[in-house]
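No value in this document is a laboratory result; all are computed from the given coordinates. This one's a predicted model, so the numbers in the text were calculated from it and none came from an experiment. A quick note on method: Cβ atoms are made from the backbone with ideal geometry, for glycine too, and the neighbour counts reach across all protein chains shown.
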Amino acid sequence: MIYRLGILSISLLTVGCVSTSNVLELGRDTYTVSATADGFRDAASARQSAFKTGSEKCNSLGKKFLLTNENVANTRMGIDTTVTLYFRCLDERDSEYVRPNLQKAPDLRIESK
């Protein structure tokens with residue numbers, strides 16, 4: 001029995017996990033969701049979980065998912081990866097439901113004073 005419990009514990013530790021937040025409403029038709037992958041999972045797992053959760057939210061409203069922004073950050077001393085999505089849930093006929101024009105935000109801002 002103890003042997004089986006030990007094997008189960010080791011298996012759970014090496015599998016890793018992805019933790020996904022609840023979808024938060026930021027404003028009219030605008031939402032955010034975050035997912036964090038621990039050191040045993042890759043960033044793609046967190047990204048996939050966040051997209052799935054966001055899409056499910058829009059589907060529950062009878063609307064379409066439109067990504068507006070995405071942020072990827074190393075967390076917990078660089079061990080974990082957190083993906084944060086900002087998105088809108090729009091009706092398919094909404095004039096703003098178009099192909100997204102995504103551009104990466106600058107990592108560095110230089111100011112001259």
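Annotation: for a label point projected 7 angstrom from Cα along Cα→Cβ of GLU25, residues of the range 83-110 with backbone N closer than 16 Å are 87-91.
Mind ranking 22-29, 45-52 by how tightly packed they are, going by the mean number of other C-beta atoms within 10 angstrom, highest first?
Values: 22-29: 11.8, 45-52: 19.2.
Those peptides, ordered most packed to least, come out 45-52, 22-29.
Taking the three principal axes of the alpha carbon atoms in the chain, the coordinate ranges are 61, 49, 21 Å, sorted in descending order. For ARG41, the residues whose modelled amide H falls within less than 5 Å of its own, excluding neighbours fewer than 5 places apart on the same chain, are CYS17. The trypsin sites (Lys or Arg not before Pro) of the range 67-98 that DSSP puts in a loop, and whose beta carbon has at most 15 other beta carbons within 10 Å, are ARG76, ARG93.
Placing a pseudo-label 7 Å from each Cα along the Cα-to-Cβ vector at CYS17 and ILE79 gives an inter-label distance of 1.4 nm. Charged neighbours of CYS58, selected by a Cβ distance under 15 Å, balance to 0 (K, R count +1; D, E count -1).
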